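Scroll down for the structure; my scribbles are underneath it.
The values are calculated or read from the model by the stated rules, or taken from the named source; none is laboratory data. If you're wondering where the values come from, they're calculated on a predicted model, not measured in any experiment. Backbone-built Cβ (ideal geometry, glycine too); neighbour counts: all protein chains shown. With ligands, DNA and RNA removed, areas are computed over all heavy atoms of the protein, side chains included. Shrake-Rupley method; radii C 1.70, N 1.55, O 1.52, S 1.80 Å.
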Amino acid sequence: MAIVASGEISLGVNSDVTRSVACELGLGGTTQICMDQTAVRALAAKTTPGSAIAFNDFYNKVGPPAGLGCSYGGGYYTGAVSSPANYYLIIAPNASGCACCAWKTSQTATSGTSSCTDGYATTRTALNNTDHPAGNWTATRSIGGFSDWYLPARDELNLMFTNQGSMPTGQGYQGTSFGSRYWSSTERNSGVACVVWFDGGYIGNTLKNYALQTRAVRRVSF
């Protein structure tokens, strides 16, 4: 949940939780907070001690997730990323954010798909078309009130594997009907794209026209 984009905001707990700095930080109703606290400054994106903070600095801001696997940003928090930007990586719920798709309908090269880190840019440009079912499927999802889902890049997918033990019951990656291989947005060459085996963490390649697990993700900047 994010703080509202306009209007009244309170530093303490408010009956409307979207207007409360304390609620966004996950603090209780009797917790005393002040503008110069580290967590409050981080939320306002004014991290220099002593620098002025205005209440409108909190508009649209989102507090940090409580921990790996917690419900957050329309899905579940699965790790923090620092490149190509600072963001929390969020995976969509299994029921609405997982499908079985081919990476591409033909085994031909796709330009702009070499990034191992930026799945968002790759999905939104090169893969958001019907020739690329996995990327197109993730890019057209509307889940939890958000429509900026995408196919994770190889390194993002590997982070998901590393932290998979933190996912809530029913939201993990094992025991599905689609097997253990998950598509990334990263192309290896004209014939294959990168996958991660979630039953062992092996990073490899698979022919693009194979239908494999596809899991939508999104990011929340911090």
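Residues in the range 89-104 include at least one that is surrounded by 19 or more Cβ atoms within 10 Å (Cβ to Cβ) and among the charged types (D, E, K, R).
Considering the range 72-83, the residues that are open to solvent by 30 Å² or more (accessible area, probe 1.4 Å) and out of contact with any Phe, Trp or Tyr (no Cβ under 8 Å at 6 or more places or on another chain) include one that is farthest from A153 (Cα to Cα), namely Y76. All of (1) surrounded by fewer than 16 Cβ atoms within 10 Å (Cβ to Cβ); (2) in a strand (DSSP E or B); (3) not charged (D, E, K, R) hold for G201 with one exception: (2). Residues in the range 204-219 that are outside any loop (DSSP other than H, G, I, E, B) and open to solvent by 20 Å² or more (accessible area, probe 1.4 Å): N205, L207, A211, R219. Within the range 56-101, the set of residues being farther than 25 Å from S20 by Cα, polar (S, T, N, Q) and over 14 Å from the mean Cα position of the chain (by Cα) comprises S96 only. If you go through the range 59-74 one residue at a time, do you hit one that is under 24 Å from M167 (Cβ atoms) and among the aromatic types (F, W, Y)? Yes, the range 59-74 contains a residue that is under 24 Å from M167 (Cβ atoms) and among the aromatic types (F, W, Y). Can you say whether T140 is within 20 Å of P65 (Cα to Cα) and loosely packed, with under 15 Cβ neighbours inside 10 Å, as far as the supplied structure shows? So T140 fails the test. Considered as a group, the residues in the range 12-22 that are open to solvent by 40 Å² or more (accessible area, probe 1.4 Å) and not basic (K, R) include one that is modelled with the highest pLDDT, and that residue is D16. Restricting D36, D118 to those that are more than 21 Å from the chain's Cα centre (by Cα), open to solvent by 30 Å² or more (accessible area, probe 1.4 Å) and not aliphatic (A, V, I, L, M) reduces the list to D36. Taking the numbered list (1) closer than 30 Å to G172 by Cα; (2) touching an Asp or Glu at 6+ places or on another chain (Cβ under 9 Å); (3) modelled with pLDDT under 85 in turn, L43 passes all entries but (3).
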